[in-house]
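Written out below as structure tokens is the structure these notes cover.
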Amino acid sequence: MICYPVDVKEIEVSAINDYWEMAPEKKTGYFYTVEEVNKKYQPMGARSISFLIKNTFLFVHNRFFFCEVCGCKSPVNNRMQLKGRILSVEGVICDDCRNRRLIEEFEASKKILADYKSSVFEARHYLDDLGFIETLAFLTISYGKKECEIVANSVDDLEITGLAGVDQDILMSLIKKKALVNISEVSEDVRKADHILHNQDFFPKSLNSRSGVMPRYNTLRPGVYLRPMNLGGGQVESIGSVVERKLKSIEVSSKEVMVVHDVIKGIQVDKLYRLIAYLAKDLRLPVRQSKVLATIVEHVATKYPPVNLFYTFRYIANGAIVEIHKGNYVPYIADKIFAKKLSSYIAFVEEKNLILDKALSIPIQFHISPFENVFSGFYLMHHLNWNKLSVSDVLAQWLDVVPLSEDAQRELFHDE
Ligand SMILES: [Zn+2]
């Protein structure tokens, strides 16, 4: 049975009939090709067959024309559709049933994902469990971020101080104390649900436009996420501002003062090594990592600001180059000269009670760690980083403003 378009002309009825004329002996299964139908009828005033079949339906009383789910009649428009029906493994499903299925699948996916998220992102009261350095690190991570937001693609990918061992320890502790959520793997059903919710092609266009059916979601992928904080009540504050407030009131123990000192020193020492590497590359000066170098770098980091040391390093490096050229040293000796000259220069300066008063700006592209930035912003009055401060300066300025526990006050100020 064929249903024709309402405005069909008589000649077009013949064209449509020819279009559907079957011929099992032919390769295509049809008597005429589409071109043949057009060639025959268009000169007689018929519109093209591809236009005509848009509003034409073919219905035959067999299983390929009934919806498997609701049993309603389900005609086809064109040869392609018919072929699809016959070859389809899932049987015939009418548009209504298909759409209903899609919506059911979509709603089920929403539930799977919501259940998963509410289990992994369960709000906790974790802030009180964090020590001082963890709270400060957590501020660098959480500031400006929203609950459940991804903060790193993996645990190896999150920079706090820039010191590998330190960052890993802090991060693992923040995960253990439930401030951060590490999703290393997403199970198959959750991944499938997530894909359905984010796949714009999941719904046919007609359904897609229905308002409210297809909200935008952030794809759930492996990574490190911020856990929602259980604040009790209205929860209107951002995590960052809660952490900031906590940081202002937290009392630092003497042990924590030592940890902060070590982190500050680690960051400054690392910065000095990078400055030396920068100069070595720039001036083509061989510099080897050695015990002498490590000792002098640690020593100067504590006492002098990086800008003054950068000037001194360049001065020493230039002297070392001249000496290497004059002295005709073998490579084994040449790459130790910088460290030796620096050590004796600093020893001379300190013996004579001189100061390193000349400074050289740190190149602008020099990376400053998030920890150094946040620490400066939070505790230091006039500095955005520690380039103009020695380790002792940074520590002294911090101790000036941070609330200390009783034991820390006793140890730092009364046992001198
Ligand atoms: Zn149906």
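Structure summary
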quantity: Distance between the range 327-366 and the range 23-101 - C-alpha centres, whole angstrom; calculated: 86 Å
quantity: Cα centroid of the range 282-321 to Cα centroid of the range 391-405, whole Å; calculated: 27 Å
quantity: Residues Asn373 and Asp129, FRET efficiency given R0 of 30 Å [Cβ-Cβ distance, rounded to 0.05]; calculated: 0.75
quantity: Among the listed pairs Lys271/Lys340; Lys177/Lys271; Lys255/Lys358; Lys39/Lys83; Lys145/Lys178, those beyond 28 Å (Cα-Cα); calculated: Lys177/Lys271; Lys255/Lys358
quantity: Viscosity 1.306 mPa s, 10 °C: Kirkwood-radius Stokes-Einstein D of the range 290-341 over Cα pairs, µm²/s; calculated: 136 µm²/s
quantity: Cβ-derived FRET efficiency at R0 41 Å, Ile103 paired with Val34, nearest 0.05; calculated: 0.70
quantity: Separation of the Phe202 and Ser118 label points, Cα + 7 Å toward Cβ, nm; calculated: 1.9 nm
quantity: Neighbour cut-off at most 10 other Cβ (10 Å), DSSP loop, trypsin sites (Lys or Arg not before Pro), the range 347-416; calculated: Lys352
quantity: Computed magnitude of the charge dipole of the range 1-118 (debye, nearest 20; Cβ of K, R +1, Cβ of D, E -1); calculated: 200 debye
quantity: Fully extended contour minus Cα-Cα distance, from Val322 to His382, at 0.36 nm per residue; calculated: 17.7 nm
quantity: Where labels lie 7 Å past Cα in the beta-carbon direction, separation of Arg245 and Lys145 in nm; calculated: 2.1 nm
quantity: Stretchable slack from Asn353 to Ala294, in nm (0.36 nm times residue separation minus alpha-carbon distance); calculated: 19.0 nm
quantity: Most mobile of Val263, Val394, Val322 in a GNM of the chain (Cα contacts under 10 Å); calculated: Val322
quantity: The chain: relative contact order as a whole-number percent, Cα under 8 Å and 6+ apart; calculated: 15 percent
quantity: Volume per residue that the Cα convex hull of the range 2-87 spans, once the total is divided by residue count, Å³; calculated: 97 Å³
quantity: Additional length obtainable on full extension of the chain from Ala277 to Arg63, 0.36 nm per residue less Cα span; calculated: 69.3 nm
quantity: Diffusion coefficient, µm² s⁻¹, Stokes-Einstein with Kirkwood Rh over alpha-carbon pairs of the chain at 25 °C and 0.890 mPa s; calculated: 86 µm²/s
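No value in this document is a laboratory result; all are computed from the given coordinates. Since the structure is predicted, the reported quantities are computational estimates derived from the model, not experimental observations. For neighbour counting, all protein chains shown are included, and Cβ atoms are generated from backbone atoms with ideal geometry for every residue, glycine included.
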